[in-house]
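Worksheet for the structure shown next.
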Amino acid sequence: MAETAPLFADVAEAPPGGRAVWLRAADGVRLRAAWWGRAAPRGVVLLFPGRTEVIEKYGRVVAELVRAGFAVTVIDWRGQGLSERLIADPELGYVGDFRDFQTDVDAWLEAVAQWAPAGAPRFVLAHSMGGCIALRALTRGIAAQRVAFSAPMWGLRAGPWMRAGMVALARAARLGRRDARPVPGAGIEFRLWENPFENNDLTTDPATYAWMQGQLHAHPELRLGAPTLRWLGAALDETAALARLPAPALPAYCGLGTRERLVSAGAIAARMAAWPGGVLERFDGAEHELMMEAPATRARFMAGVLATFRAAAPA
């Protein structure tokens, strides 16, 4: 049985009965994952969080999915949350290669195979960077009946000239072994715990924003700030590689706010237009995090997610 890991129920607002455990990836990195509702009748939702995000941030989403009859599992990716940090500065986002996240997925799925009832349908819900990781995992053939995305990171928000400059900068930093530094110009906007609401690109809802900040004030060990140049280069490489691959053969629902300012809306629109059985729903006035948005937006997005999953779940 996996060793129990901390789960901060005081800030998560998740359903009772959740359990967090330590996992070990094939390359030795220690990961944290959590589980709710093992015997849920409708199947298992694998929730792929975004960059900087932690299990506790999705407590309210977990509660809604569990009420709808699903079991839910969430992971802290390597380098964030309580999973093992990869460089000396724990507040910088770093990954050597986006393929490393697939090593996390493999360890997670191995644990899910032990937790989930045999034959239980699987569903994927992925946000931002988690949408990039999930798309790669789906192209590798992980089992899922349906997938839902929130503002998936299938490209960064940048024009072609800016993107070319970002690629050149990231490669130069890597060659000079200086790519564990933060991206140039990284400011307070990357430090959620102290960034004022008026300066945020995540949500239009001040109450939810304050709740997210409160989690990081209560448990500073969960904090993660700016990405490094290595992360940037790896992200650019991965999104470019994924853009050349066809969509997986399963139905997909995707939500995107019209005020999206972090990931490429064009890349999302192009991918979903070419996805057989894919549906793209736009949310007027919404920012990047639809699951942390104002109540009406959040409810509408989650209704789309649940409708997508219920179409393939046992009654």
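Under 7 Å by Cβ, and 6 or more places apart or on different chains, what pairs join a residue from region 235-260 that is without any contact (Cβ under 8 Å) to a residue 40 or more places away in the chain with one that is assigned to a loop (DSSP other than H, G, I, E, B) and not small (G, A, S)?
A247/W275; A247/P276; T258/D284
Scan region 1-16 and report the pairs whose first residue is under 14 Å from A33 (Cβ atoms) and free of Cβ contacts under 8 Å to residues at least 12 places away in the same chain and whose second residue is of a type in the set (V, I, T) and surrounded by 15 or more Cβ atoms within 10 Å (Cβ to Cβ), with Cβ atoms within less than 9 Å and a gap of 6+ or a chain change.
Note: pairs meeting the criteria are M1/V21.
For every residue, the table says whether it meets (1) under 15 Å from the mean Cα position of the chain (by Cα); (2) over 30 Å from R178 (Cα atoms).
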residue	(1), (2)
Y58	yes, yes
L65	no, yes
T73	yes, yes
D76	yes, no
W108	yes, yes
Q114	no, yes
P117	no, yes
T139	no, yes
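How many residues, within region 70-123, are farther than 22 Å from A26 by Cα and buried (at least 18 other Cβ atoms within 10 Å of the Cβ)?
Counting residues in region 70-123 that are farther than 22 Å from A26 by Cα and buried (at least 18 other Cβ atoms within 10 Å of the Cβ) gives 8.
For residues that are loosely packed, with under 14 Cβ neighbours inside 10 Å and assigned to a loop (DSSP other than H, G, I, E, B), scanning just region 285-315, find the one that is modelled with the highest pLDDT.
G285
Modelled with pLDDT of 95 or more, surrounded by fewer than 22 Cβ atoms within 10 Å (Cβ to Cβ), within 19 Å of the chain's Cα centre (by Cα) and within 27 Å of E91 (Cβ to Cβ), is that true of E53?
Taking the combined requirement at face value, the residue does not satisfy it.
Where in region 177-284 are there helices (runs of 4 or more DSSP H), lying wholly inside it, with at least 3 residues that are at pLDDT below 95 and surrounded by fewer than 16 Cβ atoms within 10 Å (Cβ to Cβ)?
Because the criterion is at least 3 residues that are at pLDDT below 95 and surrounded by fewer than 16 Cβ atoms within 10 Å (Cβ to Cβ), no helices (runs of 4 or more DSSP H) in region 177-284 meet it.
Out of all the residues in region 22-31, which are crowded, with 18+ Cβ neighbours inside 10 Å and in contact with a helix residue (DSSP H, G or I) (Cβ under 7 Å, 6 or more places away or on another chain)?
Hits for region 22-31 are L23, A25, L31.
Tell me, please, whether a residue that is touching a helix residue (DSSP H, G or I) at 6+ places or on another chain (Cβ under 8 Å) and assigned to a strand (DSSP E or B) can be found in region 97-116.
No: region 97-116 contains no residue that is touching a helix residue (DSSP H, G or I) at 6+ places or on another chain (Cβ under 8 Å) and assigned to a strand (DSSP E or B).
Would you call R67 touching a strand residue (DSSP E or B) at 6+ places or on another chain (Cβ under 8 Å), farther than 26 Å from M153 by Cα and surrounded by fewer than 23 Cβ atoms within 10 Å (Cβ to Cβ)?
no
The values are calculated or read from the model by the stated rules, or taken from the named source; none is laboratory data. All of these numbers come straight from a predicted model, not from anything done at the bench. Every residue, glycine as well, gets a Cβ built from its backbone with ideal geometry; the counts of neighbours run over all protein chains shown.
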